[in-house]
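These notes are about the structure you will find just below.
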């Protein structure tokens, strides 16, 4: 893999992890620095709150730091790190689910089948990208934790389905199913971002031009919901 500036070009992720387990005090710091940005992005988009995401990432890295000697090499080190981060986020999401509700756009409710609408007036599209980003974050937060994690990894971060399955410890078909269900739900929650019922995905405002992996197709979805999520900047 390409190393970041300042990385030790002679040592792979696995070599750094093994060096850490053998007592190298700098190896884990270098490993974390190498993957910090992507791990932070996954934590932030999965959990939806900067303070909680920072705590989850810290918990995850402490776990990885302590468990390094038990790494068996069944997957890439980066896959292993992502799995620990996602699990830390999911644990926090489950713990807080009973303590808060997420405000959703007017006319949308969460107690029925995907696609149902209360019949109230469809809200106007937000005037600014900041408002749209907030709505996207709220919609993501309304998804079940497992669907949210799958969508973040596949549609936002652009990891292949097979790699996400390894990160989450589930079958590839499960990842595809979670993504499909999540996209169907987001199509309802984010439908008001379109300018009309038949508006193409391009009508959803572009919120960021940041680089990400090219997502692997995993079945049908709403173009608007996928583009809004993949371009949402936490």
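The values are calculated or read from the model by the stated rules, or taken from the named source; none is laboratory data. Quantities reported herein were computed from a predicted structural model and do not represent experimental measurements. No Cβ is skipped: glycine too gets one built from the backbone with ideal geometry, and neighbour counts run over all protein chains shown.
In the stretch 201-220, the count of residues that are at pLDDT 50 or above and crowded, with 21+ Cβ neighbours inside 10 Å is zero.
If a residue counts only when it is at pLDDT 50 or above and more than 16 Å from residue 190 (Cβ to Cβ), which helices (runs of 4 or more DSSP H) contained entirely in the stretch 102-172 have at least 1 such residues?
Details: elements: 129-142, 145-151, 161-168.
Filter on the stretch 102-172 gives 145-151, 161-168.
Taking the criterion of being surrounded by fewer than 17 Cβ atoms within 10 Å (Cβ to Cβ) and either farther than 30 Å from residue 12 by Cβ or at pLDDT below 50 (or both), the residues of the stretch 68-101 that qualify are 94, 95, 96, 97, 98, 99, 100, 101. Being under 13 Å from the mean Cα position of the chain (by Cα) and within 15 Å of residue 93 (Cβ to Cβ) is a description that applies to residue 149.
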